[in-house]
1. Does region 109-122 include one or more residues that are over 27 Å from residue 270 (Cβ atoms), in contact (Cβ under 8 Å) with a residue 12 or more places away in the chain, open to solvent by less than 10 Å² (accessible area, probe 1.4 Å) and not in a helix (DSSP H, G or I)?
2. From the set of residues in region 424-453 that are part of a loop (DSSP other than H, G, I, E, B) and open to solvent by 10 Å² or more (accessible area, probe 1.4 Å), which is nearest to residue 561 (Cα to Cα)?
3. Conditions first: (1) within 30 Å of residue 703 (Cβ to Cβ); (2) surrounded by fewer than 17 Cβ atoms within 10 Å (Cβ to Cβ). Residue 101 passes all but one, so which condition is the exception?
4. For residues in region 673-687 being open to solvent by 10 Å² or more (accessible area, probe 1.4 Å) and out of contact with any Phe, Trp or Tyr (no Cβ under 9 Å at 6 or more places or on another chain), which is nearest to residue 263 (Cα to Cα)?
5. If the Cβ limit is 7 Å and pairs must be 6+ apart or interchain, which residue in region 535-553 that is among the basic types (Lys, Arg) pairs with which residue that is in a loop (DSSP other than H, G, I, E, B)?
6. Check residue 236 against each of (1) open to solvent by less than 10 Å² (accessible area, probe 1.4 Å); (2) of a type outside the set (S, T, N, Q); (3) within 26 Å of residue 623 (Cβ to Cβ) and name the one condition it does not meet.
7. Filtering region 384-423 down to residues that are among the polar types (S, T, N, Q), more than 20 Å from residue 348 (Cα to Cα) and assigned to a helix (DSSP H, G or I), which residue is most open to solvent (accessible area, probe 1.4 Å)?
8. Which number in (1) at pLDDT 90 or above; (2) open to solvent by less than 60 Å² (accessible area, probe 1.4 Å); (3) farther than 23 Å from residue 296 by Cα marks the one condition that residue 89 misses?
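The values are calculated or read from the model by the stated rules, or taken from the named source; none is laboratory data. This one's a predicted model, so the numbers in the text were calculated from it and none came from an experiment. Cβ placement follows ideal geometry from the backbone for every residue including glycine, while neighbour counts extend to all protein chains displayed. Protein only, heavy atoms only, side chains kept; ligands, DNA and RNA dropped before computing areas. Shrake-Rupley method; radii C 1.70, N 1.55, O 1.52, S 1.80 Å.
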Amino acid sequence: MHLHEHDENSAPNQARTEKPTDPDAHLAEGVDGAQPPLESNGAHEGRRQMTAAGLHSIYETAHHGLREMGGKRSFKTLLKLNQKDGFDCPSCAWPDPDGHRKKAEFCENGAKAVASEATLKRLTPDIFATVPISEMLKRSDFSLEELGRITEPMARRKGSDHYEPVTWADAFQLIGRELRALGSPDEVSMYTSGRASNEAAFLYGLFARQFGTNNLPDCSNMCHESSGTGLTEVIGIGKATVTIEDFACADAIFVIGQNPGTCHPRMLTELQKAKRNGCQIVSVNPLRETGLIRFKNPQEPLHLLGSGTEMAHLFLPVRINGDVAALKGIMKEMLEEDERTGGRILAHDFIEHHTEGFAAFAEDLRAQSWDEIVQGSGLSRRQIRQAAEIAMKSERMICSWAMGITQHKNGVANVRTIVNFALLRGQIGRRGAGVCPVRGHSNVQGDRTVGIWEKMSPEYLDALAKEFHFNPPKKHGLDTVRTIEAMHQGRVKVFIGLGGNFLAATPDTNYTSEAVARCKLTVQISTKLNRGHLITGETALILPCLGRTEIDLQESGPQFVTVEDTTGVVHRSQGVLPPSSPHVRSEPAIIAGMAQATLGNTSTVDWKAVIDNYDLIREHIEHVVPGFTQYNARVREPGGFYLPNGPRQGNFKTSSKRARFTIHSIPQHDLAEDRLLLMTIRSHDQFNTTIYSENDRYRGVSHGRRVVFLNKSDMERRGIRQDEWVDIVSHFEGERRRAERFKAVAYEIPVGCAAAYYPETNVLVPIRAVADGSNQPASKSIIITLEPTQASAEHVLNSGDRMSRGASQFSGTPAD
């Protein structure tokens, strides 16, 4: 039996707490400080900006750059961002143009990510010595972000309330000693953030497998696991089938469950090009987001004073998780029109020769009632017909999506329903058409390609064995959710995090904090401090690493790394700034140091050689991973190269060599009258769990984050006033989880739906609420009620206690 099968069916169920008989009980109390602190005055609501980017975006870019880096450093850094001879943006994975690139090839949020990494503020050992961990936990996530770059390796000894400096040699020896003392290699789990380069990720996976485990969870487990699972089984690849150039050629683009104006702002430039070429853009989303209303391109000075480009032609405000219903309605309209017109709508030749399962799929559509479609989607027949007319006229249609699709119990079904929609008119495998899951972190896709997955294919493991002359473990390892469960149960004793903010990114904050605290050792490879460094195992290490912006100098000279974007382009990235401290090391060097200290002479890898010259790492990748032929030569070409993508050429790598139509029922939530469905969302001044400010101008929110967006009629029905403080209580299998003190804000959101920012609301997401087939947390389908707040005054963070820049002993030290 594979380990992942055992985890799914036995041990977790035995070890979990019984469903509480007390309705106010929680499954886990959590570790003190695991949740961000409460707010005293709370957020202010004002007029939201209805046009994305523009002059305000230029101001924000300059403001953050000057504040964090200064003028000269900002120019030097930003003008190399996303350039062919520069470094890749450390935030989202939107692709760069294949051809000419502008001098300012970045967006506001990318510039904020760079400013955050390239800040002049430093978090030194003196600050760690002065401020206890227990005091740090009282600060907001934004305050922790403001401290700056960590300058030296730090250790938290068992029972201590402080981090203290540790040498690299001692840190590596501690890791090696703890790993060798484990009863089984499967008692360690090695997590990867999407920031890690291909080179770092490959070495990390190699280290894990030489040690003897496939416990390699990653952030994809929480964002696009449903996309990979859903796509691979129906078209043969878990990636986008389009190139960036396809967007300008499309005549219809459906943006589904995605907010590109905040999460992938450079996508707006491609949507604008498409719009100007006559493309009709359809937004399918519970919220009418600013980025798809109007856009002023900061690259076009003459247009900054105008009204901007109107983006979406049609908004479909579906209920949360109403996407299957909406898409089935659109497809039912298309099928009925095809039958009325004698087969003039659907791509019958394509369906006959390149797909399977259409007859059963069509029969299911015919049997689906319109009442269920309208009820499930929250849309009118007229809105559904409008969308269908756009799809029926389109010869080149792209469907893009993000976590609004994947983070549901039926996330895999959502993805496959989008594929059904694309297949009806043969919209995969030709110019200007295809499907595009837009990745949220800059190399999360590349990490998976080169081996970061708990269940890599036998072909990959065989190639790894041949290259390095050892026998990799065959049984599947633990993903993110199963890692948390295993830590909570004591089956995983050591946790190593290659980047990221594991505690804040994962579901069920109280449960996860308890799980982490039960580890014997936790190791975080990081650039800056976050809450995940403060909730630790018995012993903890912080190992500071180079950022994307920084020069990586090894024995053979300056090195570059490589990354893969959303469309499968692999290209180089080379920093331009001196390291933030002489004591930081590159991620590959840190991984090699851990491996040498752990494996010693038993390893078949020359760890020193691969760190001296990263070309050797890429040679190994070339031998192990398909598609990387002549890796070192091709990646040195400006812009890099595309990886093979069968469906892009109309070749489906399924067992039948055909794309598959699949059948999916409309989700039924059956909410009680007092209940709502909540989705977690990101603010505009936020990248994943990194908070750049406590403002969200695209939703009219400032000076706070603990808000819950509600339909006005839902507020009136519950007697809730605007700006009233409420607690959000989630309900799952008889369990209640509480997030305290959120301001109720009336907003344009469908009846019965609610939205609130993460990570503040991750505490509401049950560890067992996951997507079928992918085990991805269902963070956008949370059943909640609203109750009067239980937070008393002494539990509320006083606004005067919030850290002000340069005004506290708890501020980062400016670099020389």
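1. Within region 109-122, the subset over 27 Å from residue 270 (Cβ atoms) is 119-122.
Then keep just the ones that are in contact (Cβ under 8 Å) with a residue 12 or more places away in the chain; that gives 119-122.
With the extra rule that they be open to solvent by less than 10 Å² (accessible area, probe 1.4 Å), the set shrinks to 119.
Then drop every residue that is not not in a helix (DSSP H, G or I), which leaves 119.
Within region 109-122, one or more residues are over 27 Å from residue 270 (Cβ atoms), in contact (Cβ under 8 Å) with a residue 12 or more places away in the chain, open to solvent by less than 10 Å² (accessible area, probe 1.4 Å) and not in a helix (DSSP H, G or I).
2. Step one: of region 424-453, the residues part of a loop (DSSP other than H, G, I, E, B) are 425-433, 438-443, 450-453.
So of that shortlist, the ones also open to solvent by 10 Å² or more (accessible area, probe 1.4 Å) come out as 425, 429-431, 439, 441, 453.
On the way: 425: 40, 429: 31, 430: 32, 431: 31, 439: 19, 441: 16, 453: 20 Å.
Among residues in region 424-453 that are part of a loop (DSSP other than H, G, I, E, B) and open to solvent by 10 Å² or more (accessible area, probe 1.4 Å), the one nearest to residue 561 (Cα to Cα) is 441.
3. Looking at each condition in turn, residue 101 falls short on (1).
4. Step by step, filter region 673-687, then rank; the result is 687.
5. 548/88; 548/90; 548/575
6. (1)
7. Initial filter on region 384-423 (among the polar types (S, T, N, Q)): 386, 394, 400, 406-407, 410, 414, 417, 420.
Retained after the next criterion (residues that are more than 20 Å from residue 348 (Cα to Cα)): 386, 400, 406-407, 410, 414.
If we keep only those that are assigned to a helix (DSSP H, G or I) as well, we get 386, 406, 414.
Details: 386: 61, 406: 0, 414: 2 Å².
Here the answer is 386.
8. Condition not satisfied by residue 89: (3).
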